[in-house]
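Notes follow once the structure below has been shown.
The values are calculated or read from the model by the stated rules, or taken from the named source; none is laboratory data. What you see is a predicted model; the values in this text were computed from it and never measured. Neighbour counts run over all protein chains shown; Cβ positions are idealised from the backbone, glycine included. The area values use the complete protein model at the heavy-atom level, side chains included, leaving out ligands, DNA and RNA. Shrake-Rupley method; radii C 1.70, N 1.55, O 1.52, S 1.80 Å.
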Amino acid sequence: ETGVTQTPRHLVMGMTNKKSLKCEQHLGHNAMYWYKQSAKKPLELMFVYNFKEQTENNSVPSRFSPECPNSSHLFLHLHTLQPEDSALYLCASSQDAGEVYEQYFGPGTRLTVT
Amino acid sequence: QKEVEQNSGPLSVPEGAIASLNCTYSDRGSQSFFWYRQYSGKSPELIMSIYSNGDKEDGRFTAQLNKASQYVSLLIRDSQPSDSATYLCAVNLGTSYGKLTFGQGTILTVHP
């Protein structure tokens, strides 16, 4: 595996379900990010982790719960989502969470909440 | 005013022409600027990063940065149909260490 991988690539879940998204980076980076991309809206940062520590929570509802067990893995735990949470969820990584470091994206998970 | 704003599209150019994509940002303290390309149904792919005023060239792509005027642009020379995609401008705003703020994207279509 190379780059940033995400699983699953597609997910359909009911509003009462609990599911998790997984991201893994094979780039030796130390920072990882979750983004949300909804139709007709700009990419929106959700969470930032640097060296396993959460450094940013962009006012994300508590029904989204991130977990970063090490610098290579990032999870997004989902529970009691709303239909408006349907979107493309993208994971990214960078060498560090500093301002000059380029971020590389995974393929994304297309989430549909029914 | 939006923090990062891109010229409204869609932009349509003929094959072989120069495509010009523009982006303005609100925070004068911003230091890092990035262009991503996103094909339909795919994730964003980094094309260029630029940090200093002036031009930066990479193959058919040239990024231009003017911090005094708070704009960054991307020129695509000899445009090809395979360049048809949404181009995203991303800025690390001066007040947001480690955070990228994205513009809404410009859809580019290169027609044969």
Three-way shape label, the protein assembly as shown, alpha-carbon gyration tensor, a/c 1.5: prolate
Rounded to the nearest 10 Å², the accessible area of residue B:72 at probe 1.4 Å: 0 Å²
Proximal charge balance of residue B:87 [Cβ under 11 Å; K/R count +1, D/E count -1]: -1
Cβ-Cβ FRET estimate between residue A:95 and residue B:15, R0 fixed at 45 Å, reported to 0.05: 0.75
Heavy-atom SASA rank of B:24, A:2 (probe 1.4 Å, accessible area, largest first): A:2, B:24
Shielding of A:93-105 by partner chains, average beta-carbon count, 10 Å: 5
Rounded, prolate or oblate (a/c below 1.5 giving rounded, otherwise prolate when a/b exceeds b/c) for chain B by Cα gyration tensor: prolate
Solvent exposure, largest accessible area first (probe 1.4 Å, DNA, RNA and ligands not counted), of A:86, B:79: A:86, B:79
Heavy-atom accessible area ranking, 1.4 Å probe, most first, across B:58, B:83, A:96: B:58, A:96, B:83
Choice from A:66, A:83, A:42 showing the highest fluctuation, given a GNM over chain A with Cα pairs closer than 10 Å: A:42
Cβ-based net charge around residue B:42, under 13 Å, with every Lys or Arg adding one and every Asp or Glu removing one: +2
Percent antiparallel among DSSP beta bridges (both partners in region A:36-109, rounded to 5): 100 percent
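Compute, for chain A, the length of the dipole vector about the Cα centre, with Cβ point charges of +1 (Lys, Arg) and -1 (Asp, Glu) only. Units Debye, rounded to 20.
540 debye
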